[in-house]
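The values are calculated or read from the model by the stated rules, or taken from the named source; none is laboratory data. In this text the structure is predicted, and so the values were computed from the model without any measurement. Positions of Cβ are generated from backbone atoms using ideal geometry, with glycine treated the same way; all protein chains shown enter the neighbour counts.
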Amino acid sequence: GYHGRIGIFELILVSSEIEQAIVEGLDAGAIEKIAVKQGAILLYPAALEAVKRGDSTIAELERIINE
């Protein structure tokens, strides 16, 4: 089951600047840079925070990220 598990998520809110980047056809890397500049927390840094808090382990992080 899922009891005792935590979720680690990446959430990017589509601001007007990101929307414009999508319309212009910018690649995912460029859009990601805009999102991070606007405060988005990406998957890997979010997972590292879970490890720092003791909610997960480096081994689990590597297993999930490398799938």
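What number of residues in segment 23-67 are within 11 Å of Ile12 (Cβ to Cβ) and among the charged types (D, E, K, R)? Quick ask: steps written out before the conclusion?
Within segment 23-67, the subset within 11 Å of Ile12 (Cβ to Cβ) is 28, 31-32, 34-36, 38-43.
After this cut, where a residue has to be among the charged types (D, E, K, R) as well, the list is 32.
So the count comes out to 1.
Could you say whether any residue in segment 32-47 is over 14 Å from the mean Cα position of the chain (by Cα), assigned to a helix (DSSP H, G or I) and not acidic (Asp, Glu)? No. Selection over segment 34-67 of residues that are surrounded by 10 or more Cβ atoms within 10 Å (Cβ to Cβ) and either of a type outside the set (Asp, Glu) or closer than 21 Å to Ile18 by Cα (or both) gives a count of 22. All conditions but one from (1) surrounded by 10 or more Cβ atoms within 10 Å (Cβ to Cβ); (2) in a loop (DSSP other than H, G, I, E, B); (3) of a type in the set (A, V, I, L, M); (4) modelled with pLDDT under 95 apply to Leu13; the one that does not is (1). For beta carbons closer than 7 Å, sequence separation of 6+ or different chains, a first residue in segment 1-30 that is of a type in the set (Phe, Trp, Tyr) and a second that is in a helix (DSSP H, G or I), the qualifying pairs are Phe9/Ala46.
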